[in-house]
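The values are calculated or read from the model by the stated rules, or taken from the named source; none is laboratory data. Keep in mind the model is a prediction, meaning the values are calculated, not measured. In this analysis, Cβ positions are derived from the backbone assuming ideal geometry, glycine residues included, and neighbour counts consider all displayed protein chains. Surface areas here come from the heavy atoms of the whole protein model, side chains and all, with no ligands, DNA or RNA. Shrake-Rupley method; radii C 1.70, N 1.55, O 1.52, S 1.80 Å.
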Amino acid sequence: MFPNSPSVGRSPHPSFPIQHQLSKVPLVVPPELLQAHLTYQKNASLSRMLMSGNVLTMPPMSPQPWSLGNRSPLINPVSSPSPFQNRKRRSDEGINQYDLKRQRFQSPQQLPSAIVHQSVPLRNDFYYSFDGLPLRQSLQSPDVNGRVASSADSWLFEDVETTLPVANDKLSQQILDLFQACQQQVCDLKKKDLCRAELQREIQQIFPQSRLYLVGSSLNGFGTRSSDADLCLVIKDEPINQKTEARHILSLLQKHFYTRLGYIERPQLIRAKVPIVKFRDKVSGVEFDLNVNNVVGIRNTFLLRSYAHTENRVRPLVLVVKRWAGHHGINDASRGTLSSYSLVLMVLHYLQTLPEPILPSLQKKYPECFNPAMQLHLVHHAPRNIPQYVSKNTSSLGDLLIGFLKYFAIEFDWKNKLISVCEGKTVQRTEGIEWRNKYICVEEPFDGTNTARAVHEKQKFDIIQEEFMKAWVRLRDNQDLNSVLPLQRLVGKQK
C-alpha cells in the first residue's frame, strides 16, 4: 500500500507485540516507525547472529549456553559480546579467499555460517518470527561444525553443460574458442549469489517479507565472465505500479545502500519504464541492476535456461552473437539498439524456424513447466524436467552463425512480422500498441510485450540492418570470425 491507501498512517497499538506490529506495517514505512525498527534491530545482537538470508543459521557445537523456546534458539546475552553490535553483516558463505576480501569492510570477529546458495528463495510458509524478525528455517540440519550442506537447489550452481559440439571447420572452432574463453564460470555465479544473499538480509530489515532473486544472464545460461548481474526484489505477490510504488521502494533502498553498506558503491536510481537501482559491489567488482516486482524476469530466466541446455549449440551461438553485436554498437537498449535479451530471443527464434528446427517451442511442448500462473517458488524447477532435444539438423556452428546473420539481413520481414519464441514461429503483426509503428518486434514469451521497443528511431534500425548485412557478407566470403570480431583480443582479455 502507498500514501493514497486508507490504512496508511494508522499507528499500531502500543500494547501489541512487535511481531504483530510488523505484520501490519504498510509497504511505505513511516519514517518514525522505520527508525525505531532499525534502532531495535541494531541493538538486537541475537537477531544479527541468526539472520542469514534464506536459512536459519545454527552455531557450531560449543560450550556456549543455549536453550530452546518458542521454536527459536535463545542465546545467553552474556555469550554475545558487544563487538557483534553495529558490525557489517556478512553473507551466508564459508570462509574462503573471496570472503577474506570482504572482511576489509566488516568486523574482524567472524562466525561460521551456513553455505546455502538459494537463488530462488523458499515459499513464504517456511517463515516464522523471532522477536519480530522473519527468518527462514533450513530444510536441513547442521553438521557437527555448525554448517549446513548445500541446498536442494545447488544444481543451479553446477556446470550442467559439459558436452560441446564438435568443430570440423575453422569458423566453428573459433566460435567454440570464444565461448570457452568468455562463458561465465561457476565461481563467477557464486560471487554474484554471495552478494545477493547479503543484500537480501539487509533488505529484509526494511521489508521483512521480501525475497531477492538473481535473474537474467547470470542464471539463464547465457552469461559471460564480464556480465552484470540482475536482481529482482519481490515485495508482494500482486503487481505494483512501476512509476510510483517501485520508484519509491527503490529510492528507500538507494538511500539505505548509500548510508549503511560500505561494500556498495555508486547506487543510482534509474527512472526507466522498469526503474532500477544500479550499483557496484566493491569486493567482487560486479555491477548490479535491482528492480522491484518485475516477476516476468524470474519466469523468463528459467525458460531461457531451459533453452540454453536443451541443445549444445545454443549457448556458443548466443555468446558469439552478443559479442558481435556489442562490438559493433547494436547491443545497448539505452542507446536505442537491441538489448541482450532481444538478441537471445532472436537466436532462439532463428533456431526454431529452420527447415529442420534445432529447437522446439518449449512453452508449447511443456506447457505445465512454463505456466505463467505458476507460483514463483516453483518456477526454478522447470529446467530440471526438460530433456535434451535431439534435432536432425546437423549444421555446424559456423553455418548457423552465417545463416542467422543472413536471416535477419535479407530474409526476415521486419515490416509485417514479429518474432515469437512462445509460438516457435514468425507471427503476423497486429495493430496493438506494442507493435504499431515499431521497427523491430520481439515478443516477450510470458507477457507479450515488445522486448525491442527501445529501437524507436529509423536511423538506429537502419544501422542494425546494415551491421547484419555486412557481417553476413564478410563471413560468407572468408569464413573467418576475425573479419567481424577482434577474436584474439577478446579471448586474451579473459585469460
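Worth a mention:
- Computed over the range 347-495, the ratio Rg/Rh where both radii use C-alpha atoms and Rh is Kirkwood: 1.01
- Rg over Rh [alpha-carbon atoms, Kirkwood Rh] for the range 289-371: 0.99
- Converting phi to 3J(HN,Hα) with the Karplus coefficients 6.51, -1.76 and 1.60 and the offset θ = phi - 60°, the range 230-245 yields 9, 10, 10, 8, 9, 8, 8, 6, 8, x, 10, 6, 6, 7, 10, 4 Hz in sequence order, with x at every glycine or proline.
- HN-Hα J in Hz across the range 460-474 - Karplus 6.51, -1.76, 1.60, θ = phi - 60°, x for Gly and Pro: 5, 4, 4, 4, 4, 4, 5, 5, 4, 5, 4, 5, 4, 5, 5
- Whole-angstrom Cα spans of the range 342-386 along principal axes, big to small: 36, 21, 17
- At 1.002 mPa s and 20 °C, Stokes D of the range 205-283 from Kirkwood alpha-carbon radius, µm² per second: 155 µm²/s
- What the pair-distance distribution of the range 256-313 shows, using all Cα-Cα distances binned every 5 Å from zero, is 4, 16, 17, 17, 15, 15, 9, 4, 2, 0 percent.
- Of the residues H380, L405, N393, the one whose Cα sits farthest toward the positive end of the charge dipole of the range 377-417, with +1 on the Cβ of Lys and Arg and -1 on the Cβ of Asp and Glu, is H380.
- Per residue, the solvent-accessible area of the range 214-265 (1.4 Å probe, heavy atoms of protein chains only, all protein chains present) comes to 40 Å².
- Translational diffusion of the range 405-488 was estimated from the Stokes-Einstein equation, with Rh taken as the Kirkwood radius over Cα pairs; at 4 °C and 1.567 mPa s the coefficient is 91 µm²/s.
- Most positive-pole-ward Cα, V296, L199, Q184, against dipole of the range 169-309 from beta carbon charges: L199
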